[in-house]
Structures are given as C-alpha cells and as structure tokens.
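These notes are about the structure you will find just below.
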Amino acid sequence: MSELKNTPGVPPPPYWTESGDLEGWVHATENYSSTDGPGLRYVLTLSGCPLRCGYCDAPDTWERHASAPALVTDVLADISRRKTQLRGRGGVTLGGGEPLLQHKFCRAILEGCKAMGLHTALETTGYYGDFADDALLDCVDLVLLDIKSFSEARHRALTGVELAPTLRFANVLAALNKAVWLRFVLVPGLTDDYADIAALAGFAAGLGNIERVEVVPFNQHGGDKWRAQGLDYPLAGVEAPTAEALAKVRELFRAEGLQVY
C-alpha cells in the first residue's frame, strides 16, 4: 500500500486500489447502537481528527493510520447483511474521529446506504464541512453536529482549531434545511460559561433546522483511553456537572424554543 500524505489541515487524498475500489480508514463498527441517531444504528467509526479536545473519549481515533484500512465494497457488504433489521427501524451513522476528513470515502458509503433504502446520519464537528459537497449532503438524512463552544477563544483553547468552519457548516445545513441534532458537552470549568451557552442557543434557534439539542454531561469515561495511548489526561480531576448546572443549561436552550434532551 502506498503511504497517504498527511498534510495538517487538509483531508488526505483517497486511496484507490487496483480494482478501482476506494479504501478508507475504519476504527470500529457497532452493529446496533441506540445512541447515535434515531432507532437502531449501524455505526461506522472512522479514524483521523484534527481536534484535540481535552474531554475526548476516543483519543485512539485521532490518527487515521492507527486503524485498519477498509474497502467501500466490504463495508457496504457488511451493512447489507443487516439492512433488513435497520431499514425502517434505524439506519447507519458515520462518526469518528472526524468522518469528513475522509469525505470521499464517506460519500461512497452514504451513497451505498441510500441505495439500500437506509436512513443515514453523519456525526461531525463540522470542521471539514467545506469538503461536504452537495452530492455528499444529498445522501445524508440527519447531521449530528457537535459544537464545543460558541466562544472563538474557548473553542481554540479546548480543541486547538478555530470555530469558524463549524459555524459556516451549520449555516450551510440551515440553507439546505437539513435536519440537525445539536450536541453540546457540558464540562465544568471549560464549557459552562452561561453567556456563551445562551449565545449558542440563540444561534441554533436562528438556524431553523435544529430538531433537538442534546446536552451531554461530562464524565471520566475517556480517561482510561488517554492513559492507554500514553497520554496525560488533562481532565483527571474534573467532576461531572451538577444536576442544577445541567438543568440551567438545558433551560437556556429551551428559552429559545428548542427541543432539549
């Protein structure tokens, strides 16, 4: 296999095999998840992510070459074996990592899923949203959009990347009236500035296509994975948010007329 180039900030070129099939980097699959979109989901976790979130619970997905390469045809064959259980009762979710880092691979998988009559969801930070062209988004029924913070400074401090691409992608999805579930992780001391959250709620409400908001409480589940990767876990001493803090944040989103879970 020839080595893929790894240029910071630029998605890698696709790797085409001699047979003309497209190869991507797959970290894991989960056959029947109930937490990654509506109904039962086949979840394809792709490798590679430019963000370095302090609360990331999957640092083992950051580097794409740490995973196994997979062919589009093999992935679709695996999904096809489960399409009867998924069709009408769930679907397929592409997540990561950041799946749009492999946007051509994503598009090929999504096109195959739609050909099977399956509901499709894309879980993304939106950082590489500029690479999600109309052909790719035409194959997406739902976007699970993870916005880390509405403050540019806090977003960069938390993730290492700028916020603007994510907001730009959110506006593209709104212009297409693409269904979005907004995900926000509440981390004490990092993402719990109420003024920032209120601003994010106002932005989300103004988009007009946010079907629901999921406020996710921070937990320590990712710590073991950080240590397994030989990394110091920066949030080892951070407690989960209180019930009162969660309730207040959820109310900030509800005050803008959004459905909150």
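The values are calculated or read from the model by the stated rules, or taken from the named source; none is laboratory data. These numbers come from a predicted model, not from an experiment. Every residue, glycine as well, gets a Cβ built from its backbone with ideal geometry; the counts of neighbours run over all protein chains shown.
Things worth noting here:
- Scope region 189-234; condition hydrophobic (A, V, I, L, M, F, W, C), more than 21 Å from the chain's Cα centre (by Cα) and farther than 29 Å from Leu173 by Cβ; matching residues: Ala228, Leu231
- Residue count, region 167-201 (criterion: outside any loop (DSSP other than H, G, I, E, B) and touching a Ser or Thr at 6+ places or on another chain (Cβ under 6 Å)): 1
- Taking every residue in region 217-228 that is modelled with pLDDT of 85 or more and pairing it with any residue that is aliphatic (A, V, I, L, M) and assigned to a helix (DSSP H, G or I), at least 6 positions away or on another chain, the pairs with Cβ-Cβ distances below 7 Å are Pro217/Leu246.
- Pair list, Cβ under 6 Å, 6 or more apart: region 237-249 residue touching a residue at least 60 places away in the same chain (Cβ under 8 Å), other residue part of a helix (DSSP H, G or I): Val249/Ile197
- Unmet criterion (only one of (1) in a helix (DSSP H, G or I); (2) surrounded by fewer than 16 Cβ atoms within 10 Å (Cβ to Cβ)) for Pro234: (1)
- Flag if Leu71 is touching a strand residue (DSSP E or B) at 6+ places or on another chain (Cβ under 6 Å), over 30 Å from Asp192 (Cα atoms), touching a residue at least 40 places away in the same chain (Cβ under 8 Å) and buried (at least 19 other Cβ atoms within 10 Å of the Cβ): no
- Considering residues of region 74-107 that are among the small types (Gly, Ala, Ser) and surrounded by fewer than 22 Cβ atoms within 10 Å (Cβ to Cβ) only, the residue nearest to Gly39 (Cα to Cα): Gly88
- Qualifying residue in region 1-15 (condition: among the polar types (S, T, N, Q) and at pLDDT 90 or above): no
- Qualifying residue in region 148-162 (condition: under 18 Å from the mean Cα position of the chain (by Cα), under 17 Å from Thr35 (Cβ atoms) and not in a loop (DSSP other than H, G, I, E, B)): no
- Odd one out for Leu145 among (1) farther than 28 Å from Asp232 by Cβ; (2) touching a residue at least 40 places away in the same chain (Cβ under 8 Å); (3) in a strand (DSSP E or B): (2)
- Val185 touching a residue at least 60 places away in the same chain (Cβ under 8 Å) and under 19 Å from Asp36 (Cβ atoms): yes
- Which numbered condition Leu167 misses (of (1) touching an Asp or Glu at 6+ places or on another chain (Cβ under 8 Å); (2) surrounded by 13 or more Cβ atoms within 10 Å (Cβ to Cβ); (3) over 30 Å from Ala236 (Cβ atoms)): (1)
- Pair list, Cβ under 7 Å, 6 or more apart: region 33-47 residue at positive phi, other residue surrounded by fewer than 16 Cβ atoms within 10 Å (Cβ to Cβ): Gly39/Arg89
- Residue match in region 111-127 (condition: under 25 Å from Glu162 (Cβ atoms), surrounded by fewer than 22 Cβ atoms within 10 Å (Cβ to Cβ) and out of contact with any Cys (no Cβ under 8 Å at 6 or more places or on another chain)): no
- Candidates Arg41, Arg64, filtered to the one that is among the charged types (D, E, K, R), touching a Ser or Thr at 6+ places or on another chain (Cβ under 7 Å), surrounded by 13 or more Cβ atoms within 10 Å (Cβ to Cβ) and at pLDDT 95 or above: Arg41
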